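The values are calculated or read from the model by the stated rules, or taken from the named source; none is laboratory data. Everything quoted here is computed from the prediction, not taken from an experiment. Positions of Cβ are backbone-derived with ideal geometry, glycine not excepted, and every protein chain shown enters the neighbour counts. With ligands, DNA and RNA removed, areas are computed over all heavy atoms of the protein, side chains included. Shrake-Rupley method; radii C 1.70, N 1.55, O 1.52, S 1.80 Å.
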Amino acid sequence: MSGFWREHPKFGRQFQVKTYRETKPATLTGIEKYLGSGLIKGVGPVTAKRIVAHFGLETLDIIEHQIERLTEVPGIAQKRVKMIQTTWETQKAIKEVMLYLQGHGVSTTYAVKIYKQYGDESIAIVTQNPYRLATDIYGIGFVTADAIARNLGIEPHSEYRYRSGILHVLGEASEDGHCFLPQAELIERSVQRLTLKDHQPQPDQIEDCLQCMIRDGELIGEKGSEQFDGQNLYYAPSFFQAEYRLSQRLRQLLLTPVEVDLERVRRWMERFVEKAGLLLSEQQRQAVEMAASQRMLILTGGPGTGKTFTTRTIVALWKAMGKTIALASPTGRAAQRLGEMTGQEAKTVHRLLEFDPKSMKFKRDIENPIPANAVVVDESSMMDLFLGHSMMKAIALEAQLLLVGDIDQLPSVGPGNVLGDLIASGSIPVVKLTEVFRQAAASQIVSNAHRINQGQFPYLERVSNQPKSDCLWLTAEEPEHGVQAIRDLIESLIPSLGFNPAQDVQVLCPMTRGAIGTRNLNNVLQELVNPPHPSKAELGRGGSVLRVGDRVIQLVNDYNREVFNGDLGVIEGIDLEEQETTVRYDQRSVTYDLADVNEIALAWAVTIHKSQGSEYPVVILPMFMQHYMMLSRNLLYTGLTRARKLAILVGSQKAIGLAVRQVRDRERYTLLDQRLK
């Protein structure tokens, strides 16, 4: 490009282009790199080398004008030529969009995603309202969209900007589990979010904007009770509808009585336990009777209290009564466990509800309910507002429902507190199992989980070469010492106890940030457990490397691929030619285009929140004051109860003590319990 520099009064130093010409790479190495850069699906480094070796400096002209000649290259069939041709054509269209977007500070990866979303309308949509990017495209948040908007000259007081900022604030609040925000809090957060160096919004401007958004149906306002000083509560419409309709559906379900001969149920129970050679406690018997006689039952309790055997008994009873039974759990692994424990097929909730990627809706709903007259949902503390609503509206009014979950665990990752609200409402029968069975009590993991729940410091055995307990403790006062301690455990103690670090161990952290957070630990653990090797393909993405053999976690619900937030898998293939990454999740493989690889991340270490519904043979729990903001009783309890055979706490006693004392479960703004009352 040739031209001159000038000072723009608003945007500062700019380059004014007078003439430009496009030059393609001139050397053989340049052409090879250009072709093999991942730009063209079907051409990776190996194929690029072959093409350039055959056509030399004419390569790009031949692709442009005589693409059919690529079949002259050994190993390139007609089918691949078609794929290269399609991608080359698309690439030319994307190039224009990329140049435009890169001029406004958008990275190449996002440019591809934007083009996939909007096609040839990309430039028009981004120019008109760049804030749409924040809601339409995973990975582009309000901050990025705002920077693009400023680049495009959109004014800081633009109504687009204010509305998008308010919706973003509500979206951020939903990530903390809230279904709505009270007016004062929403205004305060929105002012903070929308403030720039040269612009400070006023609370009354935000208030005016809120009224306009209610008028246009972008928000729903509801008068709050005394608890909220009578101020308005603001919902995004989808949150309001889900919460309101969920409460209505539950009330409908509860209205229909169940007729059953309890004497017959008791006689059946006696025969069943006699055959199984096990005893049912008084609480368990009560749960079985209520499951038979109530429309809905919540069964809750900590580890070792017999939730599993009680659930198995209820399923067997329903089977004996001739009921068709559906079993589900929010995660694949929990569904697998439920199936093994009951001897019947269990599905993930998404599979049971039959998600249809075309309509982006579940096929099972009020008009087309689940074909079962008895439904069990395990790990139901993980169900957020939207999954809870989808589940309840798909249950036939004449069906019975058993929700099983541990109410002392962390609430769902998504918004709402469904299980907690159902229990708090007092509208649904609840049996809480509290008696710990002798066999389970022999495990220090189980007894410590109950100690933590009662606000007592856990009994921990110091790490040694021949531990007697399944719950160990390794002192490390500083995060850096903690990182080294975890390395030592992975390299020596864990293999010496017969565990495989690559398959059996999961590190669970309170947070992602800091030396002892998941981000740093993932890099450390990857080098230890899955180091680079010439035979392992790898891919650099945003400062981290993904490698064949890496454990990864899905970060967002992807209904088309049927993988969901929190699913764990292992990378089994990276194909730079096809620009695809393949991840193995439990029993199936899922393929990602390279543009969508930001939906997955390394998972040698994950947050305790993301581990819900999963169990691992060995869990390492770093507990440090660096994460004091997140430390709480139910966080420590949830992390510890993910361990099946061995739990190792690494950190300071002060941090563990703080977690045990801290019961300030951050209150979630939800009105489900009140709506049920």
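Of everything in segment 291-305 that's outside any helix (DSSP H, G or I) and open to solvent by 20 Å² or more (accessible area, probe 1.4 Å), which residue is farthest from Gly426 (Cα to Cα)? It would help to see each step written out before you state the result.
Within segment 291-305, the first condition is being outside any helix (DSSP H, G or I), and the residues that meet it are 294-305.
Next, from what is left, pick out any that are open to solvent by 20 Å² or more (accessible area, probe 1.4 Å): 294-295, 303-304.
Working: Gln294: 14, Arg295: 15, Pro303: 24, Gly304: 25 Å.
Selected residue: Gly304.
Being surrounded by 17 or more Cβ atoms within 10 Å (Cβ to Cβ), in contact with a helix residue (DSSP H, G or I) (Cβ under 8 Å, 6 or more places away or on another chain) and of a type in the set (Ser, Thr, Tyr) is a property that holds for Thr581. Residues in segment 239-258 that are of a type in the set (S, T, N, Q) and modelled with pLDDT under 95 were compared, and the one that is most open to solvent (accessible area, probe 1.4 Å) is Gln252.
If only one of Glu185, Glu172, Glu222 is touching a helix residue (DSSP H, G or I) at 6+ places or on another chain (Cβ under 9 Å) and assigned to a strand (DSSP E or B), which one is it?
Working: Glu185 fails: assigned to a strand (DSSP E or B); Glu172 fails: assigned to a strand (DSSP E or B).
Selected residue: Glu222, the only one of Glu185, Glu172, Glu222 that is touching a helix residue (DSSP H, G or I) at 6+ places or on another chain (Cβ under 9 Å) and assigned to a strand (DSSP E or B).
So which residues in segment 616-641 are touching a Gly at 6+ places or on another chain (Cβ under 9 Å) and under 30 Å from Pro429 (Cα atoms)? Across segment 616-641, the qualifying residues are Arg633, Tyr637, Thr641. Pairing each residue of segment 420-443 that is in a helix (DSSP H, G or I) with any residue that is at pLDDT 95 or above and open to solvent by 50 Å² or more (accessible area, probe 1.4 Å), provided the two are 6+ apart or on different chains, yields C-beta distances under 8 Å for Ile423/Val430. In this structure, is Leu233 modelled with pLDDT under 95, under 30 Å from Pro415 (Cβ atoms) and not in a loop (DSSP other than H, G, I, E, B)? No: the conditions fail for Leu233.
Residues are listed down the side, and each one gets a yes or a no for (1) open to solvent by less than 80 Å² (accessible area, probe 1.4 Å); (2) part of a helix (DSSP H, G or I); (3) touching a Ser or Thr at 6+ places or on another chain (Cβ under 6 Å):
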{"site": "Val43", "(1), (2), (3)": "yes, no, no"}
{"site": "Val46", "(1), (2), (3)": "no, yes, no"}
{"site": "Lys49", "(1), (2), (3)": "no, yes, no"}
{"site": "Leu57", "(1), (2), (3)": "no, yes, no"}
{"site": "Leu60", "(1), (2), (3)": "yes, yes, no"}
{"site": "Glu68", "(1), (2), (3)": "no, yes, no"}
{"site": "Lys79", "(1), (2), (3)": "no, yes, no"}
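Glu572 fulfils the conditions (1) in contact with an Asp or Glu (Cβ under 8 Å, 6 or more places away or on another chain); (2) part of a strand (DSSP E or B) except for a single criterion, (1). Suppose the filter is of a type in the set (Gly, Ala, Ser) and crowded, with 19+ Cβ neighbours inside 10 Å; does Gly426 pass it? Considered against the rule, which asks whether it is of a type in the set (Gly, Ala, Ser) and crowded, with 19+ Cβ neighbours inside 10 Å, Gly426 comes out as no. Out of Leu568, Leu621, Leu546, one residue alone is closer than 30 Å to Leu497 by Cβ, touching a strand residue (DSSP E or B) at 6+ places or on another chain (Cβ under 7 Å), at pLDDT 95 or above and of a type in the set (A, V, I, L, M). It is Leu621. If the requirement is being surrounded by fewer than 19 Cβ atoms within 10 Å (Cβ to Cβ), of a type in the set (A, V, I, L, M, F, W, C) and outside any loop (DSSP other than H, G, I, E, B), which of these qualifies: Val315, Val288, Val273? When all the criteria are applied, what remains is Val273.
Among the strands (runs of 3 or more DSSP E) confined wholly to segment 586-661, which include 1 or more residues that are among the aliphatic types (A, V, I, L, M) and under 22 Å from Ile490 (Cβ atoms)? Reasoning before the result, please.
Working: elements: 588-593, 600-602, 605-607, 616-623, 643-651.
Of the strands (runs of 3 or more DSSP E) lying wholly inside segment 586-661, those with at least 1 residues that are among the aliphatic types (A, V, I, L, M) and under 22 Å from Ile490 (Cβ atoms) span 600-602, 605-607, 616-623, 643-651.
Criterion first (of a type in the set (Asp, Glu), buried (at least 18 other Cβ atoms within 10 Å of the Cβ) and under 26 Å from the mean Cα position of the chain (by Cα)) does Asp421 satisfy it? Yes, satisfied.
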